[in-house]
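The structure appears below as C-alpha cells.
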Amino acid sequence: METNQSYVMVALQLLGSLGLLIYGMRMMSEALQKMAGPQLRHILARMTTNRLTGMLTGTLVTCAVQSSSATTVMTVSFVSAGLLTLAQAISVIMGANIGTTLTAWIMSLGYNVDLTSVVYPAFLVGMVLIYKKRHRYVGDFLFGTAFLFLSLVMLSSAGKAMDLEHNKEVIAFFASFDTSSHFTILAFLAIGTLITCIVQSSAAVMAITILLCSTGVLPIYLGIALVMGENIGTTATANLVALGANTQARRAALAHLLFNVFGVIWVLIVFYPFVNMVCKLVGYNPAAGGQTQLLPVVLAMFHTCFNVINTAILIWFVPQMERAVCWLLPTKGERKEEEFRLQYIQSNLVQTPEIAVLQAQKETAAFGLRVGRMFGMVRQLFDDADGKQFEEQFSKIEHEEDLTDRMEIEIARYLEQVSDDHLSNETKQKIRQMMREISELESIGDACYKMARTLSRKGESGKQFTDHQNAQLQSMIELCDEALTQMNTVMHGHRSEHDIRESYRIENRINELRVRLKTENVESVNNHEYDYSVGTFYIDMVNELEKLGDYVVNVVEARFGK
C-alpha cells in the first residue's frame, strides 16, 4: 500500500514538474517578447531580403523568445496577412527549427548541473524587479527562468525517486525492444509524434525523454527516435492555427511539416551511422553503455545536428518546396472571401501581442485607404449629379459606409482582445492611438455618406447648384482630397519621415474657405441669387467637408501620438 502511494506521489511530482516546465517556458517567452517589443515587430516586418537572412532571423527570434511554435505561428500569421511571401516564410521556419535546439541544451544543462543555487536567488531578484514597474519584464523573465530551472531540478529528483535503473520490470520492458530494428525505431518515432501532438509542447516531451535516458533505462537509439517524433509533432501547432486562415498560411504551415518529415526520412535511411557519429562527437559509446550523465548531451547534440544539417540541405531548395506546397494545396475552388473581411487581421491567429499590434497597424492603414476611396466615390457623385450612374454610385457609397462601421468594430474587438494580455507601455500607447484612429476613420466614412445623402436629396428636389457654388465646392473637395492623401501617406510610413504641420496647413485652408463660403451664402440668399433650399444643400456640403478635414487631422494627430 505504501509502495503504491509513493508511486502516486512520484507520478504527481512528475506531472507537476512538467506543468511547471511548460509554464516557465511560456513566462520566459512572453517576457522576452515584451522586452523586445517594437524591435521584435520591426525585425519580423523586415525580416527577409533573401533565404539566408530569413533563416538567420528565424533562428535568432526563436532563440530570443524560446519557442519555435511562437515564431512559426507569427510567420504563418504574417503570410496570412500578406506581409511575407511563402518563400520568405519557409526560410524563417527553417531558422526557427535551429533556434529551438537551444531549449534542448538548456534542459541537458539542468540534468548535469545542480541548478538549485541559481533558482532561489532568481526568484528573489525577479520578485523585487516585478514590483519595480520599470524593470517588471526583466523580473517576469527571471521568474520564468527560475520556474524552468526548478522544474528541471524537480524532474531530476523525480527520476531519482522513481529509481528506474533498479526497477527490473521497467528495464525488462525497454530491453524487450530490438534497438537494431528499424520497425522499433519507427514505432517510437510514432509515439513521440503522437504524444507531442497531444501535449502541444515538444519541450515537455523532450524533458521526459531526457529523464528516461538519464536513468539509463531507455536506450539512446529509442530516445533519439522519440526526439525525431517530437520534431514532427511540434508542427501540429502551426497547422492547427492555420486551419482557419487563407491558403497561403496553410501552405506555410504545411512547409513546416514537410521540412521535418524530409529530415526524418533521410535520418532514418542513415540512422545508425548518424546516431553513432553524434555519440562520438559527445564522447559516448552506445555499445559500452554506462556514462548516463552524457545521454542528455547526446540528445541535445542530435537535435542540433538534425536541424542544422536538414536546414543546410533544404535552404537551397526553397523554390522547390514552395512549388510542392502550392501543388499539394491548390487555390482552385477556394471560397471567395467576403468583402468586409479584414485583410491583415485574423483573430484565430492572435498569439503574440507585440506582433498583433503590427497587424492592427497594417489593418488601420488599410482602413485609411478605404475611406480615401470612399471619398473618391463622393467626388464622382458630385461630378455626375445628373448622370445615369448616380443611383448605382450612391448604392456603392451606402455599402462602403456599412463596411467602415464593420471595420471599426472588428479592429476594435481585435485590439481589445490583444489588450487583455500584459503589454509594454509603448504597445499600450499604440493600442490607444489606434482606437482613436479607427474611430476618426469611421467618422470620415460617415461624413462621406452624409454628403452623398445631401447630393441625393438635392437631386430629388430638382434643385441645382450655381456655377459659382460648384466651383467653390470643387475647391473644398480638392483640399479634402489633399488632406486624405497626406493622411494615408503618414499612416503608411514612419512618423519620423513626415511633418504634421503639412496636415495643419491644409486644415487651416479648409477652415478659412468654410468661413468665407458661409458668409457668401448668407449674402447670396439675401440677394436672391438662389433660393434658401439650394443654400441649405450647399452649406450642408460645406459643413461636412469641413468636418471631414477635422477628422483627418485627428487621425494624423493620433498617429503622431498627440
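Kindly evaluate ALA366 against the criterion of being modelled with pLDDT of 70 or more, out of contact with any helix residue (DSSP H, G or I) (no Cβ under 8 Å at 6 or more places or on another chain) and surrounded by 15 or more Cβ atoms within 10 Å (Cβ to Cβ).
yes
On the basis of being under 35 Å from the mean Cα position of the chain (by Cα) and open to solvent by less than 40 Å² (accessible area, probe 1.4 Å), does ASN521 make the cut?
no
Which of the residues belonging to the stretch 181-204 are open to solvent by less than 50 Å² (accessible area, probe 1.4 Å), hydrophobic (A, V, I, L, M, F, W, C) and under 10 Å from THR234 (Cα atoms)?
ALA203
For GLY561, which of the numbered conditions (1) part of a helix (DSSP H, G or I); (2) open to solvent by less than 50 Å² (accessible area, probe 1.4 Å) fails to hold?
The failed condition is (1).
Can you name the residue in the stretch 126-156 that is of a type in the set (Ser, Thr, Tyr) and part of a helix (DSSP H, G or I) and is also least open to solvent (accessible area, probe 1.4 Å) among such residues?
Checking each candidate, the answer is SER151.
This table checks each residue for (1) buried (at least 21 other Cβ atoms within 10 Å of the Cβ); (2) under 28 Å from the mean Cα position of the chain (by Cα).
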{"residue": "ARG413", "(1), (2)": "no, yes"}
{"residue": "GLU426", "(1), (2)": "no, yes"}
{"residue": "ARG453", "(1), (2)": "no, no"}
{"residue": "LYS458", "(1), (2)": "no, no"}
{"residue": "CYS480", "(1), (2)": "yes, no"}
{"residue": "THR485", "(1), (2)": "no, no"}
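Name the residue, out of ARG453, ARG457, ARG436, that is more than 24 Å from LYS562 (Cβ to Cβ) and touching a residue at least 60 places away in the same chain (Cβ under 8 Å). Full working, then the answer.
On the way: ARG453 fails: touching a residue at least 60 places away in the same chain (Cβ under 8 Å); ARG436 fails: more than 24 Å from LYS562 (Cβ to Cβ).
Answer to the selection: ARG457.
Just for the stretch 234-270: of the residues that are more than 16 Å from VAL325 (Cα to Cα) and surrounded by 24 or more Cβ atoms within 10 Å (Cβ to Cβ), which one is modelled with the highest pLDDT?
Step by step, filter the stretch 234-270, then rank; the result is THR234.
Yes or no, residue by residue, for (1) part of a helix (DSSP H, G or I); (2) surrounded by fewer than 24 Cβ atoms within 10 Å (Cβ to Cβ); (3) modelled with pLDDT of 75 or more:
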residue	(1), (2), (3)
THR53	yes, yes, yes
LEU56	yes, yes, yes
THR72	yes, no, no
SER77	yes, no, no
GLY82	no, yes, no
ALA89	yes, no, yes
ALA96	yes, no, yes
TRP105	yes, yes, yes
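The values are calculated or read from the model by the stated rules, or taken from the named source; none is laboratory data. What you are looking at is a predicted structure, and each value in this text was computed from that prediction instead of being measured. Note that we place each Cβ from the backbone using ideal geometry, even for glycine, and neighbour counts take in every protein chain shown. Heavy atoms of the whole protein, side chains included, go into the accessibility calculation; ligands, DNA and RNA do not. Shrake-Rupley method; radii C 1.70, N 1.55, O 1.52, S 1.80 Å.
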